[in-house]
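Reading through the structure tokens given below for one structure.
The values are calculated or read from the model by the stated rules, or taken from the named source; none is laboratory data. Predicted model only: the values in this text are computed from it and were never measured. Counting neighbours? That spans all protein chains shown, and the Cβs are built from the backbone with ideal geometry, glycine included. Side chains are part of the model used for accessible areas, which takes the heavy atoms of the whole protein and leaves out ligands, DNA and RNA. Shrake-Rupley method; radii C 1.70, N 1.55, O 1.52, S 1.80 Å.
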Amino acid sequence: HNFDIFYFTYFVTASLSDYVGTGSSGVTDGASALFTKLTSIAKNYLNDLYVTDQHGTASSGRVRKIDMDTKLVSTVATGINNPTGISVDANNNIYFVAQGTHKIYHMSSTSGVVTVYSGTGSSGSVN
């Protein structure tokens, strides 16, 4: 396992370099961030990255923000049951999937409040 996020640049020649992470597993924010199991990544219009990070038990997943200018990592949501997907809309709101709860969550860009966007908590397909 490599617990880093890499930055890939492609112009005439391609290069790949560590962007954030130390190469060790864990849950630490800041400049020496540690990640456990990154499952998805999205970028907002402010050039920040958001990642879902599964850590240990099913309900200890996190959504983490990576400031592309400072390379500082911060946790913006915790207690997520197996986060597996993330997206950011044009208003900088974050949507993420918690596979373990069969729900899609919405995190407001203005308040940071997380609410259920879709799903009943049961698996299945209903329109």
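Numerical summary
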quantity: Region 81-101 - residue that is at pLDDT below 90 and either under 16 Å from Ala33 (Cβ atoms) or of a type in the set (Val, Ile, Thr) (or both) and, of those, most open to solvent (accessible area, probe 1.4 Å); calculated: Thr84
quantity: Residue in region 70-78 that is over 29 Å from Ser118 (Cβ atoms) and surrounded by 14 or more Cβ atoms within 10 Å (Cβ to Cβ) present; calculated: yes
quantity: Checking Phe8 against (1) at pLDDT 80 or above; (2) farther than 26 Å from Gly124 by Cα, the condition it does not meet; calculated: (1)
quantity: Residues (under 11 Å from Arg62 (Cα atoms) and either β-branched (Val, Ile, Thr) or touching a Gly at 6+ places or on another chain (Cβ under 7 Å) (or both)) located in region 21-38; calculated: Val27, Phe35, Thr36
quantity: Any chance Ala77 is modelled with pLDDT of 90 or more and of a type in the set (A, V, I, L, M); calculated: yes
quantity: Near pairs, Cβ below 6 angstrom, 6+ apart or cross-chain, from region 7-36 (under 17 Å from His55 (Cα atoms)) to any residue that is aromatic (Phe, Trp, Tyr) and at pLDDT 75 or above; calculated: Gly21/Phe35
quantity: Condition met for Thr120 (β-branched (Val, Ile, Thr), open to solvent by 60 Å² or more (accessible area, probe 1.4 Å), free of Cβ contacts under 8 Å to residues at least 60 places away in the same chain and not in a strand (DSSP E or B)); calculated: yes
quantity: Tally, over region 82-111, of residues that are of a type outside the set (A, V, I, L, M) and more than 19 Å from Ser60 (Cβ to Cβ); calculated: 11
quantity: Hits in region 53-100 (condition: among the acidic types (Asp, Glu) and in contact with a Phe, Trp or Tyr (Cβ under 8 Å, 6 or more places away or on another chain)); calculated: Asp53, Asp89
quantity: Thr110, sole failed condition from (1) under 14 Å from Val51 (Cα atoms); (2) loosely packed, with under 15 Cβ neighbours inside 10 Å; calculated: (1)
quantity: Residues located in region 37-68, provided they are part of a loop (DSSP other than H, G, I, E, B) and open to solvent by less than 30 Å² (accessible area, probe 1.4 Å); calculated: Asn44
